[in-house]
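Working notes, structure below.
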Amino acid sequence: MKIVPRDVPPRAAWALEQAGIHPLLARLYAARGVLGTDELDNALGRLLPPATLKGATEAARLLADAIAADRKLCIVADYDCDGATACAVALRGLRLLGARHVGYLVPDRVIDGYGLTRPIAQRVKAQGADVLITVDNGVASLDGVAAARELGLDVIVTDHHLPGELLPQDALIVNPNQPGCGFESKSIAGVGVMFYVLLALRAELRARGAFDERTQPKLDALLPIVALGTVADVVKLDANNRRLVAQGLKRVRAGALPCGLAALFTISGRRADVATTFDFGFALGPRINAAGRLADMTLGIELLLTDDAARADELARTLDGINRDRREIEGDMREQALALVESLFDESEEPPPALCVFDPDFHEGVVGIVASRLKDKLHRPTFVFAASQAPGKEHELKGSGRSIPGFHLRDALDLVAKRHPGVLLRFGGHAMAAGCTIAEEHLEIFEVALAQVAQEWLDAATLLRRLHTDGPLAPEYRRADLVDTLHREVWGQGFAPPVFSEEVEVVSQKLVGEKHLALKLRHQGQPVDAIWFGHTEPLPARVMMAFRLEADEWQGTRRVRFLVEGAEF
């Protein structure tokens, strides 16, 4: 591992400080590319205009016509947290805006796979719907959209995934990544896209005289759910996404959140009044995701839709139990996967440029998480496969991949597909995460082909794990109140939470719980406690350490503790 302090443009840091930003925050923001306080203005009025999102205005007109004609709408969701939150936002928002007949359908991960398919379109039609709206999927569903149109359904595709060479025909597409879209926030999550469609619909209904600015429905009540889906989907937190998340957090902290989210905070032992992006990403999001991985995402969507506190509590407890099962399955699979990977090369050797792991006992609902854990541990693009559980498709493998900076996973799959036609039955995704389906007999071909692409695209510098940090922490900033200030900010993918680094003295160290290293350090001549979760190897007396800050409470006193992220020695 190489610890690399971020560059801090001095003029940007100075300008932010002169504008009244705390000196530490000014330095952190400047290192993340913020040039002025306008980028830090999280007011709703600073959101990008809905009219700049290609297809949003046209979708709004179709929906306004459908509401006026009392037509039936059906949301086709996805089974991850982004899809679940997008579905809940769509249902709540459309009802707020006057739609009387709105239902939803969640594909089954095992039977249906990903996206809008022909059978799903047929089920939507059988429910009596007139308009089909996808959320967080659909841009790659050429056959499914065609089937829906053949059945006489109007189709609106709301998605954020990268499209293929062809787009679905005869459908309204709202996706910032489609050709010709000038919307600046290309990283908006699926739930954000749907929220923008609702903003456009409200503007259309306002123009038609359904209400005015004073009497229009308040869509900002949806922002806590938008924020959760945005953080949980690990999209880049550009300025617009940060505004969406900041507005959602503001409402959550003020107690203005759906009872389902309140129940999730309670069951996960978190406090809504001091909510952070960490809570969304590591406490609430995984519990909703667990439903789609091991059970039925309907549970997660119903939790986000209910206004009954008792029902919310019941659903939150159910999701918490499913998440415990998910963690147990994931832990077992991770150990199996590591053993398989380590059998491929000696401990003294470097891992291959890309990893591909399969075991007949793997559960397809957890392969993505295991791929992420392996990628984090070995710093290699990683695919983990499980046997399909769909009837009649027992000889297919479903894989989920995670990547490292410098290796665009979806583009790599596209190249594999071109070089080996027929090997990839289906694929899609982003730069850092992607999925694919292959025949089991083609596993070795895929493994070799992926490794070949990785060999061509990755060099030694890219394969060296780098931990980017914010450099030394001045001792006067090692204060609990300042830690609270940092935690209130919006951090996440592409806008990394603060990690500091400098040489410290290790005064003492011991194992706790057999898996974690508890440390007493001397930082800038002053004592401080630290813990390195998941690390058991002893450290030398002096070490270059990377650490986050935590305000730890002990016997009524709050003090700062270091959470170790890595060390160079």
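Looking at the chain, the DSSP beta bridges with both ends there are about 65 percent antiparallel.
Sorting the segments 366-373, 409-416 by their residues' average number of neighbouring beta-carbon atoms within 10 angstrom, most packed first, yields 366-373, 409-416.
Residues whose amide H lies under 5 Å from that of L355, counting only those 5 or more places away or on a different chain, are T382, F383; hydrogens are built 1.01 Å from N in the peptide plane. For the chain, the relative contact order comes to 12 percent (Cα pairs under 8 Å, sequence separation of at least 6).
Between segment 38-105 and segment 422-447, how many Å separate their Cα centres? Each part's Cα centre sits 32 Å from the other's. Among the listed values [x] 108, 63, 52; [y] 73, 61, 47; [z] 75, 49, 49, the one matching Cα extents along the principal axes in Å as calculated from this structure is [y]. Between exposed GluC sites (Glu not before Pro) in the chain, where DSSP calls loop and at most 14 other Cβ atoms lie within 10 Å, what's the longest gap? Longest gap between qualifying sites, sites excluded: 1-164. Ranking Q127, P540, H395 by how far each Cα lies toward the positive end of the dipole of the chain (charges on Cβ) leaves Q127 at the top.
Only the Cβ atoms of Lys and Arg (+1) and of Asp and Glu (-1) were treated as charged; on that basis the dipole of segment 45-320 about its Cα centre amounts to roughly 720 debye. In sequence order, segment 440-457 has phi-based couplings of 4, 5, 9, 4, 5, 4, 4, 4, 5, 5, 5, 4, 5, 4, 4, 4, 6, 8 Hz under the Karplus curve 6.51 cos²θ - 1.76 cosθ + 1.60, θ = phi - 60°, and Gly or Pro positions carry x.
With 22 Å as the limit on Cα-Cα distance, the pairs of K186/K398; K236/K515; K236/K418; K375/K520; K377/K515; K125/K393 that go past it are K186/K398; K236/K515; K236/K418; K375/K520; K125/K393. Close amide H partners of L397, meaning residues 5 or more places away or on another chain with modelled amide H under 5 Å apart, are S388, I438, A439, E440.
The 3J(HN,Hα) values that the Karplus relation (6.51, -1.76, 1.60; θ = phi - 60°) gives for segment 230-237 are, in residue order, 5, 5, 5, 7, 6, 7, 5, 8 Hz. Gly and Pro appear as x.
Only the Cβ atoms of Lys and Arg (+1) and of Asp and Glu (-1) were treated as charged; on that basis the dipole of segment 113-197 about its Cα centre amounts to roughly 180 debye.
As a proxy for reagent exposure, L425, L53 were ordered by neighbouring Cβ count within 10 angstrom, fewest first; the result is L425, L53. Net charge dipole, the chain: roughly 1660 debye, given to the nearest 20, about the Cα centre with Cβ charges of +1 for Lys and Arg and -1 for Asp and Glu.
Each value in this text was obtained by applying a stated rule to the coordinates, not by laboratory testing. No experiment lies behind these values; they were computed from the predicted model shown. No Cβ is skipped: glycine too gets one built from the backbone with ideal geometry, and neighbour counts run over all protein chains shown.
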